[in-house]
1. ³J(HN,Hα) across the stretch 69-78 via Karplus (A = 6.51, B = -1.76, C = 1.60, θ = phi - 60°), whole Hz, x for Gly/Pro?
2. Quote the relative contact order of the stretch 87-162 in percent (integer), defining contacts as alpha-carbon pairs under 8 Å separated by 6+ residues.
3. Dividing the Cα convex hull volume of the chain by residue count, how many Å³ per residue is that?
4. Put +1 on the Cβ of each Lys and Arg and -1 on the Cβ of each Asp and Glu in the stretch 28-95; which of Phe63, Val77, Val35 then has its Cα farthest toward the positive end of the dipole?
5. Which ordering of Leu98, Leu161 is given by a fewest-first count of other beta-carbon atoms within 10 Å?
6. Can you give the FRET efficiency to the nearest 0.05 for Trp29 and Arg65, using r as the Cβ-Cβ distance and R₀ = 25 Å?
7. Fewest Cβ neighbours within 10 Å first, please rank Glu138, Glu25 accordingly.
8. Roughly how many debye, to the nearest 20, is the charge dipole of the chain about its Cα centre, given +1 on each Lys and Arg Cβ, -1 on each Asp and Glu Cβ, and no other charges?
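Nothing in this text is a laboratory measurement; each read-out follows from the coordinates by a stated rule. Keep in mind the model is a prediction, meaning the values are calculated, not measured. In this analysis, Cβ positions are derived from the backbone assuming ideal geometry, glycine residues included, and neighbour counts consider all displayed protein chains.
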Amino acid sequence: MALNETQGVEVGFDESFERKWIRFEHITWALMLAVVILGLAGGFGRGPLVHAHAAAAPIQVEFERIVRYQTDTQITVTSAAENGIQRLFVGRALLDRLQLQTVVPQPAGAEPRGDGAVLLFPRTKGSSQVTLVASPAELGTARNVVGLPEGPRVTFSQFVLP
């Protein structure tokens, strides 16, 4: 410890402590900067990094990887098939855990199943798109399944934050 006398008062400092304190401050600044950058990028929901795509021909699913508890999120299912989407399977997790709120366009009917439900849509010519709006009801990871009832299904995960 070095001591200096300034106007009759002894002033001292611990050089080892000062080095440790400055190192602690720099680490804290770096962590705060990382949290801000992660937030701006969407690491806590609603940003460019959270948008994702998954596909199993002929359907493609667009969704957000990170969603917020009780905040609406959109899952868009697009079909490139010539008849569009006439029957769309929606898994149980999407119905219960994420609580499906709205379907656009409105389905003409639904067939309940043990592992989910099949939504029925009018026949269309060319590709079609269905948007599912859900409001997460539980925190944690939700593993969702959408697809064709007798065909390919897309499985994707969403992490629900408070």
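1. These are the phi-based 3J(HN,Hα) values: 4, 6, 10, 4, 9, 9, 10, 10, 10, 10 Hz.
2. Values: 141 pairs, mean separation 28.4, N = 76.
Relative CO of the stretch 87-162 lands at 37 percent.
3. Working: hull volume 24.0 nm³, N = 162.
Convex hull of Cα atoms, per residue: 148 Å³.
4. Val35
5. Values: Leu98 24, Leu161 14.
Placing the least packed residue first, the sequence is Leu161, Leu98.
6. It comes out at approximately 0.35.
7. Values: Glu138 13, Glu25 10.
Going from least to most buried by this count: Glu25, Glu138.
8. Working: 14 positive and 15 negative charges, 198 e Å.
The calculated dipole for the chain is roughly 940 debye.
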